[in-house]
(Lines give C-alpha, C1' and ligand atoms only; values in the text may rest on other atoms or scores of the structure.)
Protein backbone atom coordinates (compact mmCIF):
# COMPACT_ATOMS: atom_id res chain seq x y z
CA UNK A 1 0.00 0.00 0.00
CA UNK A 2 1.39 3.36 -0.97
CA UNK A 3 0.17 6.90 -1.57
CA UNK A 4 0.96 8.43 -4.96
CA UNK A 5 0.54 11.92 -6.35
CA UNK A 6 -1.91 12.04 -9.25
CA UNK A 7 -2.96 14.59 -11.86
CA UNK A 8 -6.71 15.29 -11.79
CA UNK A 9 -8.64 14.69 -15.00
CA UNK A 10 -9.41 17.86 -16.89
CA UNK A 11 -13.13 17.04 -16.90
CA UNK A 12 -13.36 15.40 -13.48
CA UNK A 13 -16.29 17.55 -12.34
CA UNK A 14 -18.34 16.61 -15.39
CA UNK A 15 -17.45 12.93 -15.00
CA UNK A 16 -18.54 13.02 -11.36
CA UNK A 17 -21.79 14.80 -12.08
CA UNK A 18 -22.65 12.42 -14.92
CA UNK A 19 -22.74 9.66 -12.29
CA UNK A 20 -25.09 11.65 -10.05
CA UNK A 21 -22.24 12.72 -7.77
CA UNK A 22 -23.23 16.39 -7.48
CA UNK A 23 -21.72 16.85 -4.01
CA UNK A 24 -18.13 16.21 -5.12
CA UNK A 25 -16.91 19.53 -3.70
CA UNK A 26 -18.82 19.80 -0.42
CA UNK A 27 -16.82 21.55 2.30
CA UNK A 28 -14.46 22.83 -0.41
CA UNK A 29 -12.76 19.57 -1.39
CA UNK A 30 -14.37 16.17 -0.97
CA UNK A 31 -13.54 14.06 -4.03
CA UNK A 32 -9.76 14.41 -4.36
CA UNK A 33 -7.86 13.25 -7.46
CA UNK A 34 -4.58 14.88 -6.53
CA UNK A 35 -3.61 11.57 -4.90
CA UNK A 36 -4.36 7.88 -5.21
CA UNK A 37 -3.59 4.74 -3.22
CA UNK A 38 -1.93 1.73 -4.82
CA UNK A 39 -2.22 -1.85 -3.56
CA UNK A 40 -0.96 -5.26 -4.57
CA UNK A 41 -3.37 -8.07 -5.42
CA UNK A 42 -2.20 -9.92 -2.31
CA UNK A 43 -3.08 -6.93 -0.11
CA UNK A 44 -6.56 -6.76 -1.62
CA UNK A 45 -7.07 -10.48 -1.02
CA UNK A 46 -6.06 -10.05 2.61
CA UNK A 47 -8.42 -7.11 3.12
CA UNK A 48 -11.28 -8.97 1.46
CA UNK A 49 -10.77 -11.99 3.72
CA UNK A 50 -10.53 -9.81 6.84
CA UNK A 51 -13.77 -8.04 5.93
CA UNK A 52 -15.73 -11.26 5.59
CA UNK A 53 -14.13 -12.72 8.71
CA UNK A 54 -15.04 -9.74 10.89
CA UNK A 55 -18.54 -9.64 9.39
CA UNK A 56 -19.16 -13.19 10.57
CA UNK A 57 -17.82 -12.31 14.02
CA UNK A 58 -20.33 -9.47 14.14
CA UNK A 59 -23.25 -11.74 13.27
CA UNK A 60 -22.20 -14.16 16.00
CA UNK A 61 -22.01 -11.26 18.46
CA UNK A 62 -25.58 -10.22 17.61
CA UNK A 63 -26.74 -13.75 18.35
CA UNK A 64 -25.07 -13.69 21.77
CA UNK A 65 -26.43 -10.25 22.67
CA UNK A 66 -29.98 -11.28 21.74
CA UNK A 67 -29.83 -14.63 23.52
CA UNK A 68 -28.33 -13.13 26.68
CA UNK A 69 -30.60 -10.07 26.71
CA UNK A 70 -27.75 -7.55 26.76
CA UNK A 71 -29.36 -4.70 24.82
CA UNK A 72 -29.17 -2.30 27.75
CA UNK A 73 -25.39 -2.23 27.17
CA UNK A 74 -26.17 -0.76 23.76
CA UNK A 75 -28.40 2.03 25.19
CA UNK A 76 -31.37 0.71 23.20
CA UNK A 77 -34.58 1.93 24.88
CA UNK A 78 -36.24 -0.93 26.76
CA UNK A 79 -39.57 -0.86 24.83
CA UNK A 80 -37.63 -1.78 21.67
CA UNK A 81 -35.65 -4.74 23.04
CA UNK A 82 -38.24 -7.28 21.92
CA UNK A 83 -38.53 -5.71 18.47
CA UNK A 84 -34.76 -5.96 17.93
CA UNK A 85 -34.71 -9.56 19.17
CA UNK A 86 -37.61 -10.60 16.94
CA UNK A 87 -36.01 -8.93 13.93
CA UNK A 88 -32.88 -11.02 14.50
CA UNK A 89 -34.79 -14.23 15.22
CA UNK A 90 -36.65 -13.81 11.90
CA UNK A 91 -33.28 -13.05 10.25
CA UNK A 92 -34.76 -9.98 8.59
CA UNK A 93 -32.47 -9.48 5.60
CA UNK A 94 -29.68 -6.91 5.66
CA UNK A 95 -28.44 -4.99 2.64
CA UNK A 96 -24.97 -3.57 3.29
CA UNK A 97 -22.46 -2.07 5.69
CA UNK A 98 -18.98 -0.58 5.78
CA UNK A 99 -16.12 -1.51 8.08
CA UNK A 100 -13.49 1.08 8.87
CA UNK A 101 -9.99 -0.38 9.13
CA UNK A 102 -6.64 1.06 10.15
CA UNK A 103 -4.01 -0.51 7.89
CA UNK A 104 -0.84 0.39 6.03
CA UNK A 105 -0.50 -2.87 4.08
CA UNK A 106 1.61 -4.53 6.76
CA UNK A 107 0.33 -7.04 9.30
CA UNK A 108 -3.41 -7.41 9.88
CA UNK A 109 -6.07 -4.76 9.20
CA UNK A 110 -7.52 -3.55 12.51
CA UNK A 111 -11.24 -2.91 12.68
CA UNK A 112 -12.02 0.54 14.10
CA UNK A 113 -15.81 0.39 13.81
CA UNK A 114 -18.70 -0.87 11.74
CA UNK A 115 -20.98 1.55 9.88
CA UNK A 116 -23.79 -0.96 9.66
CA UNK A 117 -27.00 1.07 9.56
CA UNK A 118 -26.55 4.23 7.48
CA UNK A 119 -23.15 4.00 5.73
CA UNK A 120 -22.44 6.72 3.18
CA UNK A 121 -19.67 7.26 0.58
CA UNK A 122 -21.29 4.45 -1.42
CA UNK A 123 -21.75 6.20 -4.77
CA UNK A 124 -18.17 7.46 -4.83
CA UNK A 125 -16.78 4.06 -3.77
CA UNK A 126 -18.78 2.26 -6.44
CA UNK A 127 -19.37 4.13 -9.71
CA UNK A 128 -17.32 7.31 -9.37
CA UNK A 129 -13.94 5.79 -8.54
CA UNK A 130 -14.53 3.07 -11.15
CA UNK A 131 -14.93 5.79 -13.78
CA UNK A 132 -11.69 7.31 -12.48
CA UNK A 133 -9.95 3.95 -12.91
CA UNK A 134 -11.20 3.60 -16.49
CA UNK A 135 -9.94 7.09 -17.34
CA UNK A 136 -6.64 7.13 -15.42
CA UNK A 137 -5.44 3.54 -14.87
CA UNK A 138 -7.32 1.43 -17.44
CA UNK A 139 -4.75 -1.39 -17.30
CA UNK A 140 -5.06 -1.71 -13.51
CA UNK A 141 -7.84 -3.18 -11.38
CA UNK A 142 -9.80 -2.01 -8.35
CA UNK A 143 -11.25 -3.70 -5.28
CA UNK A 144 -14.75 -2.78 -6.35
CA UNK A 145 -17.65 -5.07 -7.24
CA UNK A 146 -20.15 -2.91 -5.39
CA UNK A 147 -22.46 -2.11 -8.28
CA UNK A 148 -22.87 -5.70 -9.38
CA UNK A 149 -23.28 -7.01 -5.84
CA UNK A 150 -25.87 -4.38 -4.95
CA UNK A 151 -28.03 -5.35 -7.92
CA UNK A 152 -27.56 -9.02 -7.08
CA UNK A 153 -28.51 -8.43 -3.44
CA UNK A 154 -31.63 -6.47 -4.33
CA UNK A 155 -32.58 -9.30 -6.64
CA UNK A 156 -32.18 -11.82 -3.83
CA UNK A 157 -34.37 -9.71 -1.53
CA UNK A 158 -37.00 -9.41 -4.25
CA UNK A 159 -37.17 -13.13 -4.99
CA UNK A 160 -39.33 -14.49 -7.79
CA UNK A 161 -42.57 -12.82 -6.67
CA UNK A 162 -43.82 -9.44 -7.79
CA UNK A 163 -43.49 -7.57 -4.49
CA UNK A 164 -45.24 -4.40 -3.48
CA UNK A 165 -43.35 -1.15 -4.04
CA UNK A 166 -40.11 -0.42 -2.24
CA UNK A 167 -39.75 3.11 -0.89
CA UNK A 168 -36.43 4.92 -0.52
CA UNK A 169 -36.19 7.65 2.11
CA UNK A 170 -33.61 10.24 3.13
CA UNK A 171 -33.79 13.63 4.82
CA UNK A 172 -34.46 16.83 2.96
CA UNK A 173 -31.71 19.33 2.19
CA UNK A 174 -28.85 16.84 2.37
CA UNK A 175 -27.28 16.28 -1.04
CA UNK A 176 -24.98 13.51 0.19
CA UNK A 177 -27.74 11.42 1.77
CA UNK A 178 -30.00 11.96 -1.23
CA UNK A 179 -27.23 10.99 -3.66
CA UNK A 180 -26.49 7.76 -1.80
CA UNK A 181 -30.17 6.91 -1.51
CA UNK A 182 -30.92 7.60 -5.16
CA UNK A 183 -27.95 5.45 -6.18
CA UNK A 184 -29.28 2.55 -4.12
CA UNK A 185 -32.72 3.14 -5.59
CA UNK A 186 -31.24 2.91 -9.09
CA UNK A 187 -29.58 -0.43 -8.31
CA UNK A 188 -32.89 -1.72 -6.92
CA UNK A 189 -34.68 -0.72 -10.12
CA UNK A 190 -32.04 -2.57 -12.13
CA UNK A 191 -32.90 -5.61 -10.03
CA UNK A 192 -36.57 -5.31 -11.00
CA UNK A 193 -38.06 -3.48 -8.02
CA UNK A 194 -40.90 -0.99 -8.37
CA UNK A 195 -39.46 1.92 -6.36
CA UNK A 196 -40.82 5.14 -4.89
CA UNK A 197 -39.00 8.09 -3.32
CA UNK A 198 -40.10 9.85 -0.14
CA UNK A 199 -38.51 12.24 2.31
CA UNK A 200 -38.21 10.97 5.86
CA UNK A 201 -39.99 14.13 7.03
CA UNK A 202 -42.98 13.29 4.81
CA UNK A 203 -43.68 9.86 6.30
CA UNK A 204 -46.87 9.78 8.32
CA UNK A 205 -48.76 7.32 10.51
CA UNK A 206 -52.31 6.15 9.75
CA UNK A 207 -53.78 5.13 13.09
CA UNK A 208 -56.82 3.40 11.59
CA UNK A 209 -54.71 1.16 9.34
CA UNK A 210 -51.80 1.02 11.81
CA UNK A 211 -49.21 1.66 9.12
CA UNK A 212 -46.84 4.32 7.86
CA UNK A 213 -48.00 6.22 4.78
CA UNK A 214 -46.53 8.58 2.20
CA UNK A 215 -47.99 11.95 1.13
CA UNK A 216 -50.42 10.14 -1.19
CA UNK A 217 -51.70 8.13 1.78
CA UNK A 218 -50.27 4.94 0.26
CA UNK A 219 -49.20 2.35 2.85
CA UNK A 220 -45.42 2.05 3.15
CA UNK A 221 -44.86 -1.66 3.61
CA UNK A 222 -41.21 -1.91 2.51
CA UNK A 223 -38.72 0.91 2.81
CA UNK A 224 -34.99 1.57 2.68
CA UNK A 225 -34.14 4.49 4.94
CA UNK A 226 -30.89 6.39 5.16
CA UNK A 227 -31.84 7.48 8.65
CA UNK A 228 -30.43 6.08 11.92
CA UNK A 229 -32.40 3.60 13.96
CA UNK A 230 -31.18 5.23 17.18
CA UNK A 231 -32.92 8.44 16.11
CA UNK A 232 -36.10 6.68 15.01
CA UNK A 233 -36.68 4.90 18.32
CA UNK A 234 -36.27 8.15 20.28
CA UNK A 235 -38.56 10.37 18.21
CA UNK A 236 -42.27 11.09 18.53
CA UNK A 237 -43.18 8.46 15.92
CA UNK A 238 -40.95 5.87 17.60
CA UNK A 239 -43.78 3.95 19.33
CA UNK A 240 -45.40 3.39 15.91
CA UNK A 241 -42.45 1.15 15.01
CA UNK A 242 -43.49 -1.41 17.62
CA UNK A 243 -46.40 -3.01 15.71
CA UNK A 244 -43.78 -3.96 13.08
CA UNK A 245 -46.16 -3.43 10.17
CA UNK A 246 -43.33 -2.08 7.97
CA UNK A 247 -40.36 -4.01 6.60
CA UNK A 248 -37.30 -1.79 7.10
CA UNK A 249 -33.98 -1.94 5.29
CA UNK A 250 -31.77 -1.93 7.26
CA UNK A 251 -33.63 -4.16 9.77
CA UNK A 252 -33.96 -3.35 13.47
CA UNK A 253 -31.28 -5.84 14.53
CA UNK A 254 -28.69 -3.68 12.77
CA UNK A 255 -28.99 -1.36 15.81
CA UNK A 256 -26.64 -3.82 17.53
CA UNK A 257 -24.00 -3.52 14.80
CA UNK A 258 -24.11 0.24 14.27
CA UNK A 259 -23.42 0.78 17.98
CA UNK A 260 -19.86 0.96 19.33
CA UNK A 261 -20.78 -1.25 22.27
CA UNK A 262 -20.30 -3.94 19.64
CA UNK A 263 -16.54 -3.35 19.87
CA UNK A 264 -16.41 -4.43 23.52
CA UNK A 265 -18.62 -7.46 22.89
CA UNK A 266 -16.50 -8.55 19.93
CA UNK A 267 -13.33 -8.42 22.02
CA UNK A 268 -14.99 -10.30 24.87
CA UNK A 269 -16.07 -13.09 22.51
CA UNK A 270 -12.93 -13.14 20.33
CA UNK A 271 -10.13 -12.11 22.66
CA UNK A 272 -6.87 -11.65 20.78
CA UNK A 273 -8.34 -11.90 17.28
CA UNK A 274 -5.83 -10.37 14.83
CA UNK A 275 -8.39 -8.09 13.15
CA UNK A 276 -9.82 -6.72 16.40
CA UNK A 277 -8.56 -4.18 18.91
CA UNK A 278 -8.97 -4.52 22.68
CA UNK A 279 -12.20 -2.81 23.69
CA UNK A 280 -13.99 -2.44 27.03
CA UNK A 281 -16.68 -0.43 28.77
CA UNK A 282 -14.07 1.02 31.16
CA UNK A 283 -10.69 2.71 30.52
CA UNK A 284 -9.17 0.92 33.52
CA UNK A 285 -8.04 -1.91 31.24
CA UNK A 286 -5.54 0.36 29.47
CA UNK A 287 -2.18 1.34 30.90
CA UNK A 288 -1.12 3.07 27.68
CA UNK A 289 -2.78 4.63 24.66
CA UNK A 290 -6.48 4.17 23.95
CA UNK A 291 -9.45 5.78 22.17
CA UNK A 292 -12.63 6.92 23.91
CA UNK A 293 -15.74 6.65 21.71
CA UNK A 294 -19.42 7.42 22.39
CA UNK A 295 -21.69 4.47 21.69
CA UNK A 296 -23.67 6.34 19.04
CA UNK A 297 -21.36 8.98 17.59
CA UNK A 298 -21.00 9.57 13.87
CA UNK A 299 -18.21 10.95 11.69
CA UNK A 300 -15.69 11.18 14.51
CA UNK A 301 -17.85 13.31 16.81
CA UNK A 302 -16.72 13.28 20.47
CA UNK A 303 -13.91 10.81 19.77
CA UNK A 304 -10.82 11.29 21.96
CA UNK A 305 -7.39 9.83 21.16
CA UNK A 306 -5.35 9.42 24.32
CA UNK A 307 -1.83 9.19 22.86
CA UNK A 308 1.70 9.55 24.13
CA UNK A 309 2.14 12.31 21.55
CA UNK A 310 -0.77 14.24 23.00
CA UNK A 311 -4.52 14.05 23.31
CA UNK A 312 -6.66 14.73 20.23
CA UNK A 313 -10.36 15.50 20.76
CA UNK A 314 -13.16 16.02 18.29
CA UNK A 315 -16.18 18.04 19.49
CA UNK A 316 -19.79 16.97 19.13
CA UNK A 317 -23.06 16.29 20.87
CA UNK A 318 -22.72 12.60 21.80
CA UNK A 319 -21.73 10.80 24.98
CA UNK A 320 -24.81 10.84 27.22
CA UNK A 321 -25.62 7.35 25.94
CA UNK A 322 -22.35 5.90 27.29
CA UNK A 323 -18.81 5.16 26.12
CA UNK A 324 -16.56 2.41 24.91
CA UNK A 325 -12.77 2.39 25.21
CA UNK A 326 -10.72 0.84 22.41
CA UNK A 327 -7.03 0.14 21.92
CA UNK A 328 -5.24 2.70 19.78
CA UNK A 329 -4.29 1.63 16.24
CA UNK A 330 -2.90 4.78 14.64
CA UNK A 331 -3.83 5.47 11.06
CA UNK A 332 -0.83 5.52 8.73
CA UNK A 333 0.45 9.04 8.18
CA UNK A 334 1.77 9.94 4.72
CA UNK A 335 3.89 13.05 4.34
CA UNK A 336 2.82 15.49 1.66
CA UNK A 337 5.31 18.19 0.68
CA UNK A 338 4.28 21.57 -0.61
CA UNK A 339 4.82 22.12 -4.34
CA UNK A 340 5.18 25.87 -3.70
CA UNK A 341 7.48 25.97 -0.66
CA UNK A 342 10.24 23.37 -0.50
CA UNK A 343 11.25 24.56 2.98
CA UNK A 344 7.77 24.08 4.45
CA UNK A 345 7.25 21.32 7.02
CA UNK A 346 5.52 18.42 5.27
CA UNK A 347 1.86 17.99 6.09
CA UNK A 348 0.44 14.56 6.83
CA UNK A 349 -2.53 12.71 5.41
CA UNK A 350 -4.22 9.98 7.43
CA UNK A 351 -6.24 7.43 5.42
CA UNK A 352 -8.90 5.12 6.79
CA UNK A 353 -9.97 2.15 4.69
CA UNK A 354 -13.70 1.68 4.33
CA UNK A 355 -14.34 -1.93 3.30
CA UNK A 356 -17.85 -2.72 2.14
CA UNK A 357 -19.99 -5.77 2.78
CA UNK A 358 -23.10 -6.46 0.68
CA UNK A 359 -25.22 -9.25 2.06
CA UNK A 360 -22.47 -11.47 3.43
CA UNK A 361 -19.85 -10.78 0.76
CA UNK A 362 -16.98 -8.27 0.71
CA UNK A 363 -17.68 -5.89 -2.15
CA UNK A 364 -15.10 -3.13 -2.40
CA UNK A 365 -13.11 -0.39 -0.77
CA UNK A 366 -13.22 3.37 -0.39
CA UNK A 367 -10.51 5.47 1.24
CA UNK A 368 -11.21 8.61 3.26
CA UNK A 369 -8.28 10.84 4.06
CA UNK A 370 -7.93 13.60 6.66
CA UNK A 371 -5.34 16.11 7.84
CA UNK A 372 -5.88 14.82 11.39
CA UNK A 373 -5.82 11.28 12.82
CA UNK A 374 -9.60 11.42 13.41
CA UNK A 375 -11.69 10.78 10.30
CA UNK A 376 -14.46 13.38 10.12
CA UNK A 377 -17.36 14.41 7.91
CA UNK A 378 -15.03 16.77 6.04
CA UNK A 379 -12.47 14.03 5.25
CA UNK A 380 -11.68 13.66 1.55
CA UNK A 381 -12.35 10.63 -0.63
CA UNK A 382 -9.27 9.42 -2.55
CA UNK A 383 -9.48 6.73 -5.29
CA UNK A 384 -7.39 3.56 -5.38
CA UNK A 385 -6.19 0.81 -7.73
CA UNK A 386 -4.26 -2.43 -7.53
CA UNK A 387 -1.98 -4.29 -9.91
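Would you say residue 35 is over 22 Å from the mean Cα position of the chain (by Cα), surrounded by 14 or more Cβ atoms within 10 Å (Cβ to Cβ) and more than 23 Å from residue 275 (Cα to Cα)? Reasoning before the result, please.
Working: over 22 Å from the mean Cα position of the chain (by Cα): yes; surrounded by 14 or more Cβ atoms within 10 Å (Cβ to Cβ): yes; more than 23 Å from residue 275 (Cα to Cα): yes.
Considered against the rule, which asks whether it is over 22 Å from the mean Cα position of the chain (by Cα), surrounded by 14 or more Cβ atoms within 10 Å (Cβ to Cβ) and more than 23 Å from residue 275 (Cα to Cα), residue 35 comes out as yes.
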- Query: Restricting attention to region 123-143, and to residues there that are farther than 16 Å from residue 18 by Cβ and surrounded by 24 or more Cβ atoms within 10 Å (Cβ to Cβ), which single residue is farthest from the chain's Cα centre (by Cα)?
  - Reply: 143
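Of all residues being within 16 Å of residue 212 (Cβ to Cβ) and surrounded by fewer than 20 Cβ atoms within 10 Å (Cβ to Cβ) in region 230-239, which is nearest to the chain's Cα centre (by Cα)? Just the residue, please. Let's see the steps before the verdict.
If we filter region 230-239 for residues that are within 16 Å of residue 212 (Cβ to Cβ), which is where we start, we get 231-233, 235-239.
Next, only the ones that are surrounded by fewer than 20 Cβ atoms within 10 Å (Cβ to Cβ) stay: 231-232, 235-239.
Numbers: 231: 16, 232: 18, 235: 23, 236: 26, 237: 25, 238: 23, 239: 26 Å.
My answer is 231.
Would you point out the residue of region 1-12, among those that are out of contact with any strand residue (DSSP E or B) (no Cβ under 9 Å at 6 or more places or on another chain) and farther than 24 Å from residue 335 by Cα, that is surrounded by the most Cβ atoms within 10 Å (Cβ to Cβ)?
Going residue by residue through region 1-12, those that are out of contact with any strand residue (DSSP E or B) (no Cβ under 9 Å at 6 or more places or on another chain) are 7-11.
Applying the additional criterion that residues be farther than 24 Å from residue 335 by Cα yields 10-11.
On the way: 10: 8, 11: 11.
The residue in question is 11.
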- Residues of region 174-205 satisfying the condition of being farther than 29 Å from residue 377 by Cβ, in a strand (DSSP E or B) and in contact (Cβ under 8 Å) with a residue 24 or more places away in the chain: 205
- Pairs, please: C-beta under 6 Å, at least 6 apart or cross-chain, first residue on the phi > 0 side of the Ramachandran plot and in region 210-229, second assigned to a loop (DSSP other than H, G, I, E, B) and surrounded by fewer than 23 Cβ atoms within 10 Å (Cβ to Cβ)? 210/243; 210/245
- Query: When residue 131 is evaluated against the numbered criteria (1) out of contact with any strand residue (DSSP E or B) (no Cβ under 9 Å at 6 or more places or on another chain); (2) assigned to a loop (DSSP other than H, G, I, E, B); (3) in contact (Cβ under 8 Å) with a residue 12 or more places away in the chain; (4) closer than 29 Å to residue 35 by Cα, which criterion, by number, is the only one it fails?
  - Reply: (2)
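Kindly indicate which of 333, 300 is surrounded by fewer than 17 Cβ atoms within 10 Å (Cβ to Cβ) and either free of Cβ contacts under 8 Å to residues at least 12 places away in the same chain or under 26 Å from residue 24 (Cα atoms) (or both).
Numbers: 300 fails: surrounded by fewer than 17 Cβ atoms within 10 Å (Cβ to Cβ).
After applying the criteria, what remains is 333.
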- Exactly one of 324, 352 is outside any loop (DSSP other than H, G, I, E, B), modelled with pLDDT of 95 or more, in contact with a strand residue (DSSP E or B) (Cβ under 8 Å, 6 or more places away or on another chain) and under 23 Å from residue 12 (Cβ atoms), and that one is 352
- Under the condition of being under 18 Å from the mean Cα position of the chain (by Cα) and assigned to a loop (DSSP other than H, G, I, E, B), which residue from region 374-387 is surrounded by the fewest Cβ atoms within 10 Å (Cβ to Cβ)? 377
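The values are calculated or read from the model by the stated rules, or taken from the named source; none is laboratory data. Keep in mind that this is a model prediction, so the values were computed, not measured. Neighbour counts run over all protein chains shown; Cβ positions are idealised from the backbone, glycine included.
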